[in-house]
2 protein chains.
Amino acid sequence: MPSYKAPVEDVTFILRDVLAIERYSNLAGFADAPPDVMEAVLLEGARLCEEVIAPLNMVGDREGCTRHADGSVTTPSGFKAAYEAYAGGGWMGLSAPVEFGGQGLPMVLNTVMQEFVSSANLAFGMYPGLTQGAIAALIEHGSDEQKRRYLPRMVEGAWTGTMNLTEPHCGTDLGLLKTKAAPNGDGSYAITGTKIFISAGEHDLAENIIHLVLARIEGAPDGTKGISLFVVPKFLVADDGLLGPHNGVSCGSLEHKMGIHGNATCVMNYDGAQGWLVGEANRGLNAMFVMMNEARLAVGIQGLAQSEVAYQNAAAYAKERLQGRALTGAAAPDRPADPIIVHPDVRRNLLLIRSFNEAARALALWAALSSDVAHRSEDAAERQAADDRLGLLTPVVKGVLTDLGFENAVRAQQVLGGHGYIAEWGMEQFVRDARIAMIYEGANGIQAMDLVGRKLGRDGGRAVMAFFGEVEAFCREAGPDEALKPFAEPLAKGLADLQAASMWFMQNAMAKPNNAGAGATEYMHLMGLVALGYMWGRMAKAAIARKREGDGVAARMDAKLTTGRFFMDRMMPETGALLRRIRNGSDSIMALPAEMF
Amino acid sequence: MPSYKAPVEDVTFILRDVLAIERYSNLAGFADAPPDVMEAVLLEGARLCEEVIAPLNMVGDREGCTRHADGSVTTPSGFKAAYEAYAGGGWMGLSAPVEFGGQGLPMVLNTVMQEFVSSANLAFGMYPGLTQGAIAALIEHGSDEQKRRYLPRMVEGAWTGTMNLTEPHCGTDLGLLKTKAAPNGDGSYAITGTKIFISAGEHDLAENIIHLVLARIEGAPDGTKGISLFVVPKFLVADDGLLGPHNGVSCGSLEHKMGIHGNATCVMNYDGAQGWLVGEANRGLNAMFVMMNEARLAVGIQGLAQSEVAYQNAAAYAKERLQGRALTGAAAPDRPADPIIVHPDVRRNLLLIRSFNEAARALALWAALSSDVAHRSEDAAERQAADDRLGLLTPVVKGVLTDLGFENAVRAQQVLGGHGYIAEWGMEQFVRDARIAMIYEGANGIQAMDLVGRKLGRDGGRAVMAFFGEVEAFCREAGPDEALKPFAEPLAKGLADLQAASMWFMQNAMAKPNNAGAGATEYMHLMGLVALGYMWGRMAKAAIARKREGDGVAARMDAKLTTGRFFMDRMMPETGALLRRIRNGSDSIMALPAEMF
């Protein structure tokens, strides 16, 4: 059975040495989490994930969820107890406002915990993950009355949340959605329709499930401008907070799917269910986007999380499995063969994963910290800059971390050879589970279009120019430093490729939008490599500084620097190929008539 | 449920127009298969695959194989009848020698049929596939008596074959194997040991199973030089050909695995089973390599096969699924949304798959034709050149076609969004099934080392120099032709990168072998891109010639040319990045101490 150890040391290095989190102690909630408190929280979270949640990962895969004749759903053995431990530990409300029972700690801390939980057990982690998204949407758009009614129980984890967007005929294009909302005359609506692919739509973990549902009010315009958001509790909630009768919503069936078997993926039938409008009528997409942006960061982190746990198990195998001899002669002549970690191709695979993991973690935490600043800073300019950065990075974190996270799970599986294909080793589950993250919360092609079609040009390109400026400044300052040169030079080359690609879009995609569509995925990955490379630059700088402090971390910091150099040697060369593809444009893509496919 | 249509037209184009198979009519068996006969054979094979074998693919995945208390194994519903149809149609012996009951037709035809069967149902196709490998090994290394005893029944499909290499503690490094062979005194041996991951090791499709087993004769040297090959029938075969008692070999358990559920992956226990030496004592690896080389080509084709069937189903979905509008304005204004085939990113995914499939098919058939020439030509120089090419291309076909075949199955799944993750659509099965091909018959890292460590330098680099020369000549001749320039130029650039990488190895890997190991996988993919690009060059040339014939194929040939241009635009740019990675060497790969992983 695979094992998992939460990378608390690496997180601490990123938060303290790379992101210099102490500089943010003026933000609300940050003062409550000085470094020692933060580390204690993380160690406690790590223990829960390692000891309680991770051992259920394979159980969840094998058992899956069961729907009973009455529409109720049972989660796999042990999930309910683990969920109670999670909720009981206060993890659901780690970063939620104190006024609703949360701990008000930085969002960046919750992001770390999301990684740990998702590594331990992705299917399990989706139950609280979706709830946290629903909490965020209600905080932002719910009425005071709705907040009072739902948030405290959700924040304590007694109730969970869902998001209901997809219908059989529409996923990406929500303008086509058909679910109807008819006014009941008492301020509530009767919701009728079918939603599919609803994660955690029905289960036995919580007393109530608060569904956030997109529907069209009778007479509303067609398309996306006629969509409203509703809150539809599974059990109606009386004014005194007590649960009333079962609402007209039920799970019609569970999907059989490639992975995340421990999470119930439901077809949800709304049959005149009583719901209440959240935010303004016909502005539902807007409200849902709050939830989706939170969810997109969380999903990106799921990609990293599967890559991390897959790495740990592949590395352990490579250090133990004896097979063949080193190319340079026996490394363990007293044993029948050398451990396969001696082989360059095995190391290459492991380092591709690891050099991604460490940079991806830094990038995700940088994005999360930007979210904290955007929400909590008292300085308007600082808020705006952080919000710009968050908007720019969100599709990159979602798209790139899940694409590469999946690739890495596949790579880690390869290290085990035939054993990687066998269920009992657990590696193939990581692959199957990681696969969903490239699809849900907006398939990665949609993330690429969000980046290229929306985020690049927004506010005259303010966000992307700021990003370029920041990376440029780093390269300029690092340039004269011999120790940083192996990082600054390839990074500068990557940035130049990214800037050239941006310029190419400006010159070639305005008049011919298919040129943007044709290069969007490559552009997203190009920006991803530069962002990850920039994280390596900052991590290298921090590692060198830490080594100077001489506090017994030299070996760990040397490993950091070696891993970073590998990233520069092996990952950054891709930027040139991506640029060439982008510049080759859309002609050969659009030329083939549809019927010839 | 997914569907499958065998690409007979494309195969015919490759065999006739690209490989000019009619030029080989002097080879044994080729005269029996003029173009019209060949096409009739392929259409008959296509029908079997489409109508009988493909509909069982999902059934096989859901039901899997069942081992009973007595060690017997039942295959999924319908497999036995389909196998009887396959054997009854004479497909097992399509290219086998006439003297053993085969049809003696070109191996290249059988290779086509391997693709069709593997697309239709990979798990099913492994039963005959392994049998054909065992037949090849017995033809090459079996005694006359062994051939007489086993081959006729295997060629007619009444008996199947297996290969037994892997043991719990060794897969890649067969020098460690422990299975023992003790002389019985009557010329036979008692085989004792445990083999794992034995595909088709036990099942109910055939009357008997002929196991080829690697074992160490008592007193033989350690390592690979003490390994011998044995034939071990499940039921002993009397001199008159009748089946005798059950031999001391049995299936101890079935593995639970990621995919290919319809194929029984067995732990095989040999408990003093009676076996007979095949070929010379202690030269078993040598004999097994015949089987493995056949199998490696077949496994490469499995990668292509999954990519092909995944493409077909993704393309069908993309033409039907309505979602969003084209970036250039509504393409189907009378419908609620446009089919997603209008989106550049969807087309990009589909064309990445298709432009690979068509070139990979040509490459695999070129390799198979080389095998025919190597085995059947009466001209020694021609035989040697073909054998050189086959040896060089085998690891490339195995490694590159399975790596990219899997990637493409993942891409095709992505086109379906959430539906791609749901079992009933069948796309996720293609991904799970395709994954094994990167692992078995030598994990792809081993293929890369075979290419770089063995095939490149063999005979003073004769094979690779001939390959370079052939591609160079094509580029030179095509250069002045305007219509071929979009193919010849990027191909020449790719070839230059490949030659530079070869040169770098010559200068940097002799003294430092880890530099070869560190770049081997990249080199294999670099050669793969050049080989696929070369196939596109030849296909483009053939397509232009066909258009001039004006026989109503213009639209199809234009589609070919567009698909080829896409390959040059989008796949070939990778060669530069691969070269840069190779040149960055092994320093950052080898620097990290093993315990720091």
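The values are calculated or read from the model by the stated rules, or taken from the named source; none is laboratory data. Because the structure is predicted, anything quoted here is derived from the model rather than measured. For neighbour counting, all protein chains shown are included, and Cβ atoms are generated from backbone atoms with ideal geometry for every residue, glycine included. What goes into the accessible areas is simple: the full protein's heavy atoms, side chains included, and nothing from ligands, DNA or RNA. Shrake-Rupley method; radii C 1.70, N 1.55, O 1.52, S 1.80 Å.
Values as computed for the structure displayed
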item	result
Acute angle (nearest 10 degrees) that the helix B:35-48 long axis makes with the longest principal axis of chain B, alpha-carbon atoms	70
Accessible area (Å², 1.4 Å probe, nearest 10) - A:TRP276	70
In degrees, nearest ten, helix A:144-155 long axis to first principal axis of chain A (Cα)	50
Value of relative contact order over region B:460-592, rounded to a whole percent, pairs C-alpha under 8 Å and six or more apart	34
Built amide H within the under 5 Å cut-off of A:ASN208, gap 5+	A:THR160
Accessible area in square angstrom per residue, region A:460-592, 1.4 angstrom probe	36
Given charges at Cβ of Lys, Arg, Asp, Glu: the protein assembly as shown dipole, positive-most of A:ALA359, A:PHE30, A:ILE260	A:ALA359
Between region A:516-557 and region B:510-568, the Cα center-to-center distance that results, in Å	36
Mean Cβ neighbour count within 10 Å, used as a protection proxy, ranking B:55-63, A:514-522 highest first	A:514-522, B:55-63
Accessible area of chain A belonging to carbon and sulfur atoms, whole % at 1.4 Å probe	53
For residues of A:440-452, the mean tally of beta carbons on other chains within 10 Å	3
Largest-first ellipsoid semi-axes for region A:460-592, taking √(5λ) over the Cα gyration tensor eigenvalues, angstrom	34, 15, 10
Under 5 Å, built H, 5+ apart or other chain: amide partners of B:ARG283	B:LEU229
Per-peptide average of other Cβ atoms within 10 Å, ordering A:218-227, A:580-589, A:526-535 highest first	A:526-535, A:580-589, A:218-227
Isolated Cys residues of chain A, judged by Cβ distance under 4.7 Å to other cysteines	A:CYS49, A:CYS65, A:CYS170, A:CYS475
Helix A:284-320 vs. chain A, principal-axis angle (Cα, 0 to 90°, nearest 10)	40
Neighbouring partner chain Cβ atoms per residue of B:328-335, average, 10 Å criterion	1
Accessible area that becomes buried as A packs against B, both chains, 1.4 Å probe, Å², nearest 100	8000
Inter-part distance where region B:188-234 and region B:284-357 are each reduced to a Cα centre, Å	39
Rotationally averaged projected area of chain B (alpha carbon convex hull; nm²)	29.2
For A:GLU99, label point 7 Å along C-beta direction: distances to other copies, nm	9.2
Eligible aspartates and glutamates near A:LYS80 by straight Cα distance, threshold 19 Å, same-chain separation 8 or greater	A:GLU50, A:GLU51, A:ASP61, A:GLU63, A:GLU156, A:GLU202, A:ASP204, A:GLU207
Delta accessible area of at least 20 Å² on complex formation, residues of region B:582-597, 1.4 Å probe, chain isolated as reference	B:ASN584, B:SER588, B:ILE589, B:MET590, B:ALA591, B:LEU592, B:ALA594, B:MET596, B:PHE597
Relative contact order, percent, region B:124-198 [alpha-carbon distance under 8 Å, six or more residues apart]	26
The protein assembly as shown, helix-only ellipticity at 222 nm - DSSP H runs n ≥ 4, -39,500 (n - 2.57), divided by all residues, nearest 500	-18000 deg cm²/dmol
Nonlocal amide H pairs with B:VAL237, under 5 Å, H built at 1.01 Å	B:GLY244
Heavy atoms of B:VAL299: accessible area, 1.4 Å probe, square angstrom to 10	10
Between region A:29-68 and region B:418-456, the Cα center-to-center distance that results, in Å	33
Relative contact order for chain B, counting Cα pairs under 8 Å that sit 6 or more residues apart, in percent	13
Exposure of B:LYS180 as accessible area (Å², to 10), given a probe of 1.4 Å and all protein chains	90
Shape of region B:189-242, Cα gyration tensor, a/c cut at 1.5	oblate
Number of partner chain Cβ atoms within 10 Å, mean per residue of A:311-324	3
Protein-only accessible surface order, largest first, of B:HIS211, A:HIS246, B:HIS68 at 1.4 Å	A:HIS246, B:HIS68, B:HIS211
